[in-house]
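Asker: The structure follows.
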Amino acid sequence: MAINKTKTIGHLPLIEYPWAGEVDRLLNSIKTNETSFRAFLFDAVMSMAYIDSTAGIEKYIEHCDNVIDDYNAHIGFINLCSPCYEKGSWRYQKAVKPQSGALGKLSSELILKFVQHFSDNFESVVAIGGGNSADAMIVHKNGMKIFAEVKSAPLITYPLLIKINQIDIGIHHQRVTLISSQLKACDSALYLHDKGFIPLGKIGTENWPFKPFVDYMIDDKNSVSIEKFYQTWLSAKESYISKNRDSKIYSLTNACGGPPKEAKSNHDWPAKEVISDSKTSAGMDRTDDIKKGIYQTLKIGISHKNQKNYKTAIISNLPAYRHNEDYVLPFIPMLWGLETDLKIFNDKQVIFREDLNYAFDYIITLEKPLLRELVV
């Protein structure tokens, strides 16, 4: 839709995706105000977006004897088979790589959908694509416009479990050969680690995997299991922040690095492979993303400097937990102005405070946002 006031073209987050209504149904069902629970849900939904964005997913399935319940195959987005790892084996399984371009757009629009839902004072949240200087534009109910750069990524990318007919599977961790129609007849589940999973039904059903996931999440009888999944996610977050390799869940988080020496000496781990590298850092924690994000807010600020009542922001699911002190904090109080703003005052060239701007006004995240005076 067109936003005439700002002369930009954009659209409502996720409006182009057939399963967008499932995300609305999920967010409308939330009964807790815990911001961390929202961040956990972002990871779960984003994990299904990873699954949905993987072309030819049937090519990446590996049979695994350690998968729980009746499931017998695994697809993961880190280079570690989590069911094997939880049984004590550092089993290398090459990560599935969805199309990065599609994932970037999905991740950006998904966090905008969350921001739109949980921010009562935002009248509109619009995703902007193409060559525009901002990824998103928010209109606050007080009339302020917030132009934002979006940088988001999950803390955990949950794997997919599949149940395949015994006739079709081979030896432990051998690739399974399936055609698309065979795959669509298979039962599936989202694996939330520590022996917890959410059944997702047949792969070929409408709005799979989003609809069965939401059906499970909004059913009150599953509240105990959901709380367990959430607590596991909280443990993962704490281990990620502190890089606590003594925590078992740490090696299942994104950007956890390489496995210990025993993985290579005792479990045939490929010499040069890591589990997950720093490119997959959670939220806005990748240093390249922080640098680009701050540059982009400066660029947005310069582009809109002559407009009234505008602000800039970086939007993400999580703050830069690991790199906040070195890469973010020094820039929070930073102010900038242009040479054309210089005025003579007491025989000196000065820039008055009203002509100065922050490098970024806000960092809008699900957890621990930087909002200054902003009421969301």
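The values are calculated or read from the model by the stated rules, or taken from the named source; none is laboratory data. Because the structure is a prediction, the values reported are computed rather than measured. Because the Cβ atoms are built from the backbone with ideal geometry, glycine has one as well, and the counts that use them run over all protein chains shown. Accessible surface is based on the protein model in full, side chains and every heavy atom, while ligands, DNA and RNA are left aside. Shrake-Rupley method; radii C 1.70, N 1.55, O 1.52, S 1.80 Å.
Asker: Return yes or no: is Leu103 crowded, with 20+ Cβ neighbours inside 10 Å, of a type outside the set (D, E, K, R) and assigned to a helix (DSSP H, G or I)? Spell out the reasoning first.
Answerer: Numbers: crowded, with 20+ Cβ neighbours inside 10 Å: no; of a type outside the set (D, E, K, R): yes; assigned to a helix (DSSP H, G or I): yes.
Here the answer is no, as Leu103 does not meet what is asked.
Asker: Determine whether the range 217-238 contains at least one residue that is basic (Lys, Arg) and under 22 Å from the mean Cα position of the chain (by Cα).
Answerer: The answer is yes, given that some residue of the range 217-238 is basic (Lys, Arg) and under 22 Å from the mean Cα position of the chain (by Cα).
Asker: Moving to a separate point now. Go through the range 326-371 and report how many residues are surrounded by 11 or more Cβ atoms within 10 Å (Cβ to Cβ) and on the phi > 0 side of the Ramachandran plot.
Answerer: Counting residues in the range 326-371 that are surrounded by 11 or more Cβ atoms within 10 Å (Cβ to Cβ) and on the phi > 0 side of the Ramachandran plot gives 1.
Asker: Tell me, which helices (runs of 4 or more DSSP H) wholly within the range 1-91 include 3 or more residues that are under 17 Å from Ile249 (Cβ atoms) and open to solvent by less than 40 Å² (accessible area, probe 1.4 Å)? Give the derivation first.
Answerer: Working: elements: 20-29, 35-53, 82-85.
Here the list reads 35-53, 82-85.
Asker: Within the range 114-153, how many residues turn out to be over 16 Å from Asn309 (Cβ atoms) and either of a type in the set (A, V, I, L, M) or open to solvent by less than 20 Å² (accessible area, probe 1.4 Å) (or both)? Break it down into steps so the answer makes sense when it comes.
Answerer: Kept after step one, since they are over 16 Å from Asn309 (Cβ atoms), are these residues of the range 114-153: 114-120, 125-133, 135-136, 149-153.
Filter once more, so that each one left must be either of a type in the set (A, V, I, L, M) or open to solvent by less than 20 Å² (accessible area, probe 1.4 Å) (or both): 114-115, 119, 125-128, 136, 149-150, 153.
Number of matching residues: 11.
Asker: Might you let me know whether the range 53-63 holds any residue that is in contact (Cβ under 8 Å) with a residue 12 or more places away in the chain and within 15 Å of the chain's Cα centre (by Cα)?
Answerer: Within the range 53-63, one or more residues are in contact (Cβ under 8 Å) with a residue 12 or more places away in the chain and within 15 Å of the chain's Cα centre (by Cα).
Asker: Let me ask you something else. From (1) surrounded by fewer than 24 Cβ atoms within 10 Å (Cβ to Cβ); (2) touching a residue at least 60 places away in the same chain (Cβ under 8 Å); (3) in contact with a helix residue (DSSP H, G or I) (Cβ under 9 Å, 6 or more places away or on another chain); (4) within 17 Å of Cys84 (Cα to Cα), pick out the condition that doesn't hold for Pro159.
Answerer: Of everything listed in (1) surrounded by fewer than 24 Cβ atoms within 10 Å (Cβ to Cβ); (2) touching a residue at least 60 places away in the same chain (Cβ under 8 Å); (3) in contact with a helix residue (DSSP H, G or I) (Cβ under 9 Å, 6 or more places away or on another chain); (4) within 17 Å of Cys84 (Cα to Cα), Pro159 misses just condition (1).
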